[in-house]
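Take a look at the structure set out below.
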Amino acid sequence: EPEVTQTPSHQVTQMGQEVILRCVPISNHLYFYWYRQILGQKVEFLVSFYNNEISEKSEIFDDQFSVERPDGSNFTLKIRSTKLEDSAMYFCASCTGNTEAFFGQGTRLTVV
Amino acid sequence: AQTVTQSQPEMSVQEAETVTLSCTYDTSENNYYLFWYKQPPSRQMILVIRQEAYKQQNATENRFSVNFQKAAKSFSLKISDSQLGDTAMYFCAFMKPDQTGANNLFFGTGTRLTVIP
C-alpha cells in the first residue's frame, strides 16, 4: 500500500541552526501539506503546495520557513534559524484533492 | 473558514464497552468530507473512517461507525467492543474538495481516549 514517508523520525538541533525535514508523498498525489503539532496540542496547518508553488500558508509559516519540491518526488520543509518554540511534531501529508489526506509518520523536532 | 469542534478533551471506556466521541463542524459548503483520525502514542496520524457528505448512509469500518447528521453538522464516532489498542488521541477533521491547492483540511482539538482494562 502506498504511503507517505518522512525522514528523519527525530531531529535534535541547536537553536539558530537550519533544519530540513524531508517527505516523499504518494506518487500520484498532487497536493502536499505540512502540519505541525506541539506536544499535546492541536494539529496546526503550516502550508499547502500545488503545481510547484505554495497555494496557501498560515501565520505560523513566516520568513523562517520555506518549502521545496526539488526533484518531483521529495517535498521538503526548511526552517532557517530554529527557535525553541519550533519544537514540535511535523507532519507531511498528500492527497489527490478529492480524498482523504495521507499522513507520514511525522518528524519530531527538538530544538535545544 | 471551516471550524471543527470536539467538546470532549478526554474520555475513558472499559475494555469491551462502547464509547461515542462527538464532533461538530461549521461550514457553508454542501459537498465535503469528514474524517476521524487516530493518533496513538507513536504519534502517527492514522485514518479511522471517512464520510462523504453526499452519502446519507453512515460509514462503518469494523468496530468503528459514525453518526452523521448533516443538518445538525454533527459527526460522532462510535467505537464498539473497545480494545486496549484503541487508546489514542482521536481527531475529527473536515475537508472540502479544492482544486486550487488551498488548505482544505481542518482539524478539531482532539479527544484523548483511554481504554481501561
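What follows draws every value from the coordinates through simple rules; no lab data is involved. Worth saying up front: this structure is predicted, and the values here are computed from it rather than measured. Counting neighbours? That spans all protein chains shown, and the Cβs are built from the backbone with ideal geometry, glycine included.
Each label was represented as a point 7 Å from its Cα along the Cα-to-Cβ direction; for B:N62 and A:E3 these points are 1.5 nm apart.
Using a simple spin-label model with pseudo-atoms 7 Å out from Cα toward Cβ, B:T100 and B:T114 lie 4.5 nm apart.
Suppose R0 equals 35 Å. What FRET efficiency, 1/(1 + (r/R0)^6) with r the Cβ-Cβ distance, do A:V12 and B:E17 give to the nearest 0.05?
Details: r = 41 Å, r/R0 = 1.17.
For A:V12 and B:E17, the calculated efficiency is 0.30.
Within chain A, the cysteines lacking any other cysteine Cβ closer than 4.7 Å to their own Cβ are A:C95.
Indicate the gyration tensor shape class of segment A:1-55 (rounded, prolate or oblate), computed on the Cα atoms with a ≥ b ≥ c the square roots of the eigenvalues: a/c under 1.5 is rounded; otherwise a/b larger than b/c is prolate and the rest oblate. Note, shape of segment A:1-55 comes out prolate. Springs join every pair of Cα atoms under 10 Å in this Gaussian network model of chain B, and among B:Q57, B:Q39, B:Q83 the largest mean-square fluctuation is at B:Q57.
The alpha carbons of chain A stretch over 38, 26, 26 Å along the principal axes, in descending order. Each eigenvalue of the Cα gyration tensor of segment B:1-50, multiplied by 5 and square-rooted, gives one semi-axis; in descending order these are 24, 14, 11 Å. With each label modelled as a point 7 angstrom along the Cα→C-beta vector, the A:E68-A:Q41 pair spans 2.8 nm.
If you filter segment A:53-112 for GluC sites (Glu not before Pro), then keep DSSP loop positions with at most 12 other Cβ within 10 Å, what is left? Walk me through the numbers on the way to the answer.
Values: sites: A:E53, A:E56, A:E59, A:E68, A:E85, A:E100; in loops: A:E59, A:E100.
Passing sites in segment A:53-112 are A:E59.
Count of lysine pairs in the protein assembly as shown with Cα atoms under 25 Å apart, counting only pairs 8 or more residues apart in sequence or on different chains? Taking the protein assembly as shown as the scope, the lysine pair count is 25. Calculated on C-alpha atoms, the gyration radius of chain B divided by its Kirkwood radius gives an Rg/Rh of 0.97.
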